[in-house]
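Read the structure below first, then the notes.
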Amino acid sequence: MATAQGRPMRADARRNYERLLNEAAAAFGERGADASLEEIARRAGVGIGTLYRHFPDRFALMGEVFQTQVDVLDAAARALSAEPGRTPMGALEAWMRRYVDVSSTIRGVAATLMDEGLMLDCKKQLRDTVEMLAARARESGELRADIVPDDVLRLTSAIAYAAEKASVKHPEDTGVADRLLGLALDGMRARTP
């Protein structure tokens, strides 16, 4: 990992950077995009000056958190696709579940970054990731031919949002996301004549 000037980051600086990203992701997931930067720094065990040395403003921190989560989802798609014995539709399904798991962080940040250039790049990366998974599932005959990446992304985001809202009203019902994903996946599967 390198600094903005292109020099390699010292080991302690890299650890601070990674702790800040992890704590920011957790804070944005818990409190949304308005999470306190001071609290993020405190949770990471660093001073606010260290946070600002790595991230000059809130948008820089949110952008890096968002990009990191998108990269995690991209890596997960590739790993799931390469797993021996996993069908292409099984890889798509597992990826959708992973997306729901990280969506609270992504959603809280995405709304704030909506008009930023990074957001457009991340959306393209997510769309390309889903297209790779969907193309394999279509080629295997498991996924309906009319399913496009944007449909998968919108549907998965909507499920994550609905499950989160349901968890506030009915915290005891922990299976909402699984049930909704099951319904969506049933509708996405190719029908055999």
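In a Gaussian network model over the chain where Cα atoms closer than 10 Å are linked, find which of D57, D128, D150 has the largest mean-square fluctuation.
Highest fluctuation among the options: D57.
If amide hydrogens are placed 1.01 Å from N in the peptide plane, which non-local residues have theirs closer than 5 Å to the one on L143?
Under 5 Å from the amide H of L143 lie the amide H atoms of R138, A190, each far enough along the sequence or on another chain.
Using all alpha carbons of region 38-91, what is the percent of pairwise distances in each 10 Å bin, ordered from the shortest bin to the longest?
Per 10 Å bin, starting at zero, the Cα-Cα P(r) for region 38-91 comes out as 22, 31, 20, 18, 9 percent.
Using the alpha-carbon atoms, what tilt in degrees (0 to 90, nearest 10) does helix 117-139 show relative to the longest principal axis of the chain?
30
Kindly express, to the nearest 10 degrees and within the range 0 to 90, the angle between helix 176-188's C-alpha long axis and the longest C-alpha principal axis of the chain.
Tilt of helix 176-188: around 50 degrees.
Quick one: angle between helix 58-82 and the longest Cα principal axis of the chain, in degrees between 0 and 90, rounded to 10, please.
40
With only alpha-carbon atoms in the gyration tensor, what are the semi-axes of the equivalent ellipsoid for the chain, in Å, largest first?
34, 20, 14
Fully extended, how many nm does the chain gain between A79 and R189 (0.36 nm per residue separation, minus their Cα-Cα distance)?
Result: 37.4 nm gained on full extension.
Treat the count of other C-beta atoms within 10 Å as a stand-in for reagent exposure and order K169, K123 from fewest to most.
With the fewest neighbours first, K169, K123 line up as K169, K123.
For labels at D146 and R86 in the simple 7 Å Cα→Cβ model, what's the distance in nm?
2.9
Whole number please: convex hull volume per residue, Cα atoms of region 1-56, in Å³.
74
Calculate the FRET efficiency for A13 and Q125 from the Cβ-Cβ distance with a Förster distance of 25 Å, rounded to the nearest 0.05.
Using R0 = 25 Å, I get an efficiency of 0.40.
Coordinate-derived values only; no laboratory data. Predicted model, so just to flag it, every value in this text is computed and none were measured. When we count neighbours, we look across all protein chains shown, and the Cβ atoms used for this are built from the backbone with ideal geometry, even at glycine.
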